[in-house]
Amino acid sequence: MTLTEKETTALRDLQTQEKSCITKYQKYAAEAKDTELKSLFKALQEDEQKHYQSIGQALKGDVPTCDCNDSQGKNYSPAGTYRDNANAADKEHDCFLATDCIGTEKLVSGEYNTNIFSCDNSSLRKLLADIQIEEQNHAEMLYKYKQVNAMA
């Protein structure tokens, strides 16, 4: 498959976003106080790495297949660590990290929504739509973490 200049530019921009997400989740996994949140950040980092690789494949003209049927957010059920008022400073710190990442996921999801329309190829649009759904699921998972920990 040959990409148009517009598609190539869109994919490079999205890959840059994914690289930033990988770095953020790696740093936040190291900074998080709660082991549940650390695990979530590590899992999201792995997902973002897969997105980065999928976009890299597409940039080489080989669009990977996807299922567009992700239920990761719906099925996520985190354990609550901060149910009482103990560790208030840790809770506030982890709340900030989770909230910041929700904002990032919203931004990245919006970028996918916009860039889908830059693509002529239907397989490429399907890939970007699938990744967008996964970004939305990431935000849902982070929100569920906040809910179970009385942060939302």
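The values are calculated or read from the model by the stated rules, or taken from the named source; none is laboratory data. Keep in mind the model is a prediction, meaning the values are calculated, not measured. Cβ atoms come from the backbone with ideal geometry, glycine included; neighbour counts cover every protein chain shown. Just the protein is used for accessible areas: all its heavy atoms, side chains included, with ligands, DNA and RNA removed. Shrake-Rupley method; radii C 1.70, N 1.55, O 1.52, S 1.80 Å.
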Fill in: One residue from Lys24, Lys19, Lys42, Lys33 being part of a loop (DSSP other than H, G, I, E, B) and at pLDDT 95 or above
Lys33
Worksheet item: Name the residues in the stretch 59-89 that are over 20 Å from the mean Cα position of the chain (by Cα), open to solvent by less than 40 Å² (accessible area, probe 1.4 Å) and not small (Gly, Ala, Ser), would you?
Response: Tyr82
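Taking the stretch 9-26 as the search range and keeping residues that are open to solvent by less than 60 Å² (accessible area, probe 1.4 Å) and of a type in the set (Val, Ile, Thr), which one is nearest to the chain's Cα centre (by Cα)? Talk me through it step by step, then tell me what you get.
Let us first name the residues in the stretch 9-26 that are open to solvent by less than 60 Å² (accessible area, probe 1.4 Å), namely 10-11, 14-15, 17-18, 21-25.
Adding the requirement that they be of a type in the set (Val, Ile, Thr) leaves 22-23.
Working: Ile22: 9, Thr23: 12 Å.
My answer is Ile22.
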Discussion item. Criterion first (open to solvent by 50 Å² or more (accessible area, probe 1.4 Å), part of a helix (DSSP H, G or I), acidic (Asp, Glu) and within 20 Å of Leu59 (Cβ to Cβ)) does Glu92 satisfy it?
Written reply: no
Worksheet item: Of the conditions (1) in a helix (DSSP H, G or I); (2) aliphatic (A, V, I, L, M); (3) modelled with pLDDT under 95, Leu142 fails just one. Which one is it?
Response: (3)
Worksheet item: Out of curiosity, is Glu134 open to solvent by less than 60 Å² (accessible area, probe 1.4 Å) and charged (D, E, K, R)?
Response: yes
Item to complete: Output the residues belonging to the stretch 101-120 that are free of Cβ contacts under 8 Å to residues at least 12 places away in the same chain and open to solvent by less than 50 Å² (accessible area, probe 1.4 Å).
Response: Gly103, Gly110
Worksheet item: Among the listed residues Lys38, Lys27, Lys33, which satisfies the condition of being touching a helix residue (DSSP H, G or I) at 6+ places or on another chain (Cβ under 7 Å) and without any contact (Cβ under 8 Å) to a residue 24 or more places away in the chain?
Response: Lys38
Worksheet item: Right, Ser123: surrounded by fewer than 16 Cβ atoms within 10 Å (Cβ to Cβ) and either charged (D, E, K, R) or not in a loop (DSSP other than H, G, I, E, B) (or both) or not?
Response: yes
Worksheet item: In the stretch 106-152, which residues are basic (Lys, Arg), closer than 20 Å to Phe41 by Cβ and over 10 Å from the mean Cα position of the chain (by Cα)?
Response: Lys144, Lys146
